[in-house]
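Each remark here refers to the structure printed beneath this line.
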């Protein structure tokens, strides 16, 4: 692969890279997961976590979000090495503020090391008046320094020793012993290319805290375009490649030749490989998918939201010791407002030192090394980085973790880069986005998510669920955990929940009509008939049939619409899709959906209703072989009473009814 990939490269890769800044911080979160695993499980071996960063990656905001989070500020055996070549993709960067960047790390309690000059230059610095040479290089603009290195030795000498238009006799004298042929290599002798100097600096690493090492380098070192402002996109000619081959002693007929088997270099490579990769990784400890409970009784409240039910289900899971010890929850300072407080009070918050954190109402959170909730600062990027890396613990650390993270659904998009990175890396985790949609009417458009269902439908390696009822959620959460334990075919999961209080009796009626085992199966397959016209009390006319297909919090509106149609003698089904992606993939894969819509009903018109972008369920028409009218939220949201906001966007029960009657009129059946 062009960039190392955990899932696509045949060799063992710990962290995928390629998306600037994300691969850089992943080892930091892995160090956190390692510290967590050592606090909770026996025999987790020591590890060191190393990132190699390009200096331009320090422009990425996620680097600084990670740096600013206190959770990552006290990790030992963590090393970042910054390749400080001071070039971007298009130019030599004129003003790299290395000192300012270093101070920012120091103020975050990192150990800051610098490898700036190699031993050749340091020997000259040690001569009488050598500080003048150091000053000349230190104060030289970066673009001037890079340009000098491309000059022949005699021109370099004349230009370098000129200060304010006059030859500096001190500099001339200091460089007198260096030949013109050697001078470019001496002036360009930066420590990032001097292995012994690098090792000398690395000997200073303090394993008790995170360390960053700034290693000064020249981009394209030892190549014809070293230091050239456009070298990122330059290619070498065949003659230049042949010259490089000769300098590196690479045989003409074997571009991938190893060092001679009996050489010191080959012995070092073999011993290092044996140390890092000697033998297979030890078998991971954890649960199999079969060990996850098949079902779990949901809270019995007659009226509840899915977010409320989530908190209760998490507490119920805490009573299953074997499962609970594998669960770690994470949130970006929203644990209470996403109903994780009960879990946190019972299981504790993770931290290196034991202490109590008072909460409103007299409750206390206990912070300790045994806690099972990681509370991050307000950074969705950090949340998804943590979920993705904790979701690789079984492979990286030999201990299975089931990470469950909560986030306000509109801010899933803020962490999207890291979300995608975790999925691309093959991580298994559960992300709970709540509250969601314009259902969160009082909050206004900035807090009302509309595109997140589309992400759930389209991101690879992800299952997306949008339940409406507590029992659906219980079954789905267990299924998502089974996905986290299956390293071969399991997926991460995204659950979109709501704070809308919903009457649970329609689900209980469907449970009675369909049967628990069958309904459990249908929920996990993606959908079921929440309201079946064939079971309606009214005298409805089968000749007129409409399918109302919905997901999540809009089910009550769909039910009221169907009831109104039944009152008018018109047959209407409400088909609820708590797992729309699963049903879509079954249809795309050629599965028979007659268990959901029999052949005799597959030409009936479809109305889809979603508190999200209207296109997200548009595929349902194709699945049922029907015409489809999609209702959803295709404009930014706004503040207001929920029923008024629904009405404004045409997704309330009246909007559904208006659509149904318009369809029937077009078909000339009314």
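Considering 377, 351, 342, which residue is without any contact (Cβ under 8 Å) to a residue 40 or more places away in the chain, closer than 23 Å to residue 418 by Cβ and either out of contact with any helix residue (DSSP H, G or I) (no Cβ under 6 Å at 6 or more places or on another chain) or assigned by TED's automatic domain parsing to the domain that holds residue 419 (or both)? After applying the criteria, what remains is 351.
For (1) out of contact with any strand residue (DSSP E or B) (no Cβ under 9 Å at 6 or more places or on another chain); (2) surrounded by 20 or more Cβ atoms within 10 Å (Cβ to Cβ), each residue gets a yes or a no:
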position	(1), (2)
345	no, no
356	no, no
377	yes, no
381	yes, yes
393	no, yes
400	no, yes
412	no, yes
416	yes, no
423	no, yes
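Mind listing just one residue for me: the one in the range 6-35 that is out of contact with any strand residue (DSSP E or B) (no Cβ under 6 Å at 6 or more places or on another chain) and within 18 Å of residue 285 (Cα to Cα) and, of those, surrounded by the fewest Cβ atoms within 10 Å (Cβ to Cβ)? Here the answer is 35.
Each row is one residue, and each column tells you yes or no for (1) under 32 Å from the mean Cα position of the chain (by Cα); (2) at pLDDT 95 or above.
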position	(1), (2)
591	yes, no
601	no, no
606	no, yes
619	yes, yes
629	no, yes
648	no, yes
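Only one of the numbered conditions (1) within 28 Å of the chain's Cα centre (by Cα); (2) part of a strand (DSSP E or B) is not met by residue 487, and that is (2). Of the helices (runs of 4 or more DSSP H) lying entirely inside the range 614-668, those containing at least 2 residues that are loosely packed, with under 14 Cβ neighbours inside 10 Å span 642-649, 653-666.
Tell me yes or no: at least one residue of the range 323-340 is part of a loop (DSSP other than H, G, I, E, B), at pLDDT below 95 and either more than 23 Å from the chain's Cα centre (by Cα) or surrounded by fewer than 13 Cβ atoms within 10 Å (Cβ to Cβ) (or both). Checked the range 323-340: at least one residue is part of a loop (DSSP other than H, G, I, E, B), at pLDDT below 95 and either more than 23 Å from the chain's Cα centre (by Cα) or surrounded by fewer than 13 Cβ atoms within 10 Å (Cβ to Cβ) (or both).
Applying the criterion of being in a loop (DSSP other than H, G, I, E, B) and touching a helix residue (DSSP H, G or I) at 6+ places or on another chain (Cβ under 7 Å) to the residues of the range 581-613, the residue that is surrounded by the most Cβ atoms within 10 Å (Cβ to Cβ) is 611.
For the range 532-549, the count of residues that are within 27 Å of residue 642 (Cβ to Cβ), without any contact (Cβ under 8 Å) to a residue 24 or more places away in the chain and in a helix (DSSP H, G or I) is zero. Just checking, does the range 134-149 include any residue being at pLDDT below 90, under 39 Å from the mean Cα position of the chain (by Cα) and either assigned to a loop (DSSP other than H, G, I, E, B) or under 26 Å from residue 210 (Cα atoms) (or both)? Yes, that holds for at least one residue.
For the range 569-614, the tally of residues that are touching a residue at least 60 places away in the same chain (Cβ under 8 Å) and more than 16 Å from residue 663 (Cβ to Cβ) stands at 15.
Of all the criteria given as (1) part of a loop (DSSP other than H, G, I, E, B); (2) in contact (Cβ under 8 Å) with a residue 12 or more places away in the chain; (3) more than 21 Å from residue 144 (Cβ to Cβ), the one not satisfied by residue 226 is (3).
On the given criteria, is residue 367 in contact (Cβ under 8 Å) with a residue 12 or more places away in the chain, surrounded by fewer than 21 Cβ atoms within 10 Å (Cβ to Cβ), out of contact with any helix residue (DSSP H, G or I) (no Cβ under 8 Å at 6 or more places or on another chain) and not in a helix (DSSP H, G or I)? Let's see the steps before the verdict.
Details: in contact (Cβ under 8 Å) with a residue 12 or more places away in the chain: yes; surrounded by fewer than 21 Cβ atoms within 10 Å (Cβ to Cβ): yes; out of contact with any helix residue (DSSP H, G or I) (no Cβ under 8 Å at 6 or more places or on another chain): yes; not in a helix (DSSP H, G or I): yes.
The answer is yes for residue 367.
Just to verify a result, which residue in the range 511-539, among those that are farther than 22 Å from residue 631 by Cβ and in contact with a strand residue (DSSP E or B) (Cβ under 7 Å, 6 or more places away or on another chain), is surrounded by the fewest Cβ atoms within 10 Å (Cβ to Cβ)? Walk me through it before giving the result.
Filtering the range 511-539 down to residues farther than 22 Å from residue 631 by Cβ leaves 511-525, 534-539.
Next cut, in contact with a strand residue (DSSP E or B) (Cβ under 7 Å, 6 or more places away or on another chain) only: 514, 519, 522.
Values: 514: 18, 519: 20, 522: 21.
Per the stated criteria, the residue is 514.
Which one of 262, 253, 249, 243 is modelled with pLDDT under 95 and assigned to a helix (DSSP H, G or I)? Break it down into steps so the answer makes sense when it comes.
Details: 262 fails: assigned to a helix (DSSP H, G or I); 253 fails: assigned to a helix (DSSP H, G or I); 249 fails: assigned to a helix (DSSP H, G or I).
Just one listed residue meets the conditions, 243.
Which is touching a strand residue (DSSP E or B) at 6+ places or on another chain (Cβ under 8 Å) and either in the same structural domain as residue 397 (by TED's automatic domain parsing) or surrounded by fewer than 14 Cβ atoms within 10 Å (Cβ to Cβ) (or both), of 307, 303?
Numbers: 307 fails: touching a strand residue (DSSP E or B) at 6+ places or on another chain (Cβ under 8 Å).
303 is the lone residue from the list that is touching a strand residue (DSSP E or B) at 6+ places or on another chain (Cβ under 8 Å) and either in the same structural domain as residue 397 (by TED's automatic domain parsing) or surrounded by fewer than 14 Cβ atoms within 10 Å (Cβ to Cβ) (or both).
Find the residue count for the range 550-568, including only residues that are in a helix (DSSP H, G or I) and under 19 Å from residue 662 (Cα atoms). The number of residues fulfilling the criteria is 11.
Return the only residue of 453, 442, 467 being in a helix (DSSP H, G or I), surrounded by 24 or more Cβ atoms within 10 Å (Cβ to Cβ) and not assigned by TED's automatic domain parsing to the domain that holds residue 550. Walk me through how you get there before you give the answer.
Details: 442 fails: surrounded by 24 or more Cβ atoms within 10 Å (Cβ to Cβ); 467 fails: in a helix (DSSP H, G or I).
Sole residue among the options that is in a helix (DSSP H, G or I), surrounded by 24 or more Cβ atoms within 10 Å (Cβ to Cβ) and not assigned by TED's automatic domain parsing to the domain that holds residue 550: 453.
Against the definition (assigned to a helix (DSSP H, G or I), within 25 Å of the chain's Cα centre (by Cα) and outside the structural domain of residue 599 (by TED's automatic domain parsing)), how does residue 519 come out, yes or no? Judged against the criteria, residue 519 is not a match.
In the range 151-192, what count of residues is obtained for those that are part of a helix (DSSP H, G or I), surrounded by 14 or more Cβ atoms within 10 Å (Cβ to Cβ) and in contact with a strand residue (DSSP E or B) (Cβ under 9 Å, 6 or more places away or on another chain)? Selection size over the range 151-192: 4.
Here residue 311 passes the criteria (1) at pLDDT 95 or above; (2) out of contact with any helix residue (DSSP H, G or I) (no Cβ under 6 Å at 6 or more places or on another chain) except the one numbered (2).
The values are calculated or read from the model by the stated rules, or taken from the named source; none is laboratory data. Nothing here was measured: the structure is a model prediction, and the numbers come from that model. Note that each Cβ is placed from the backbone with ideal geometry, even for glycine, and that neighbours are counted across all protein chains shown.
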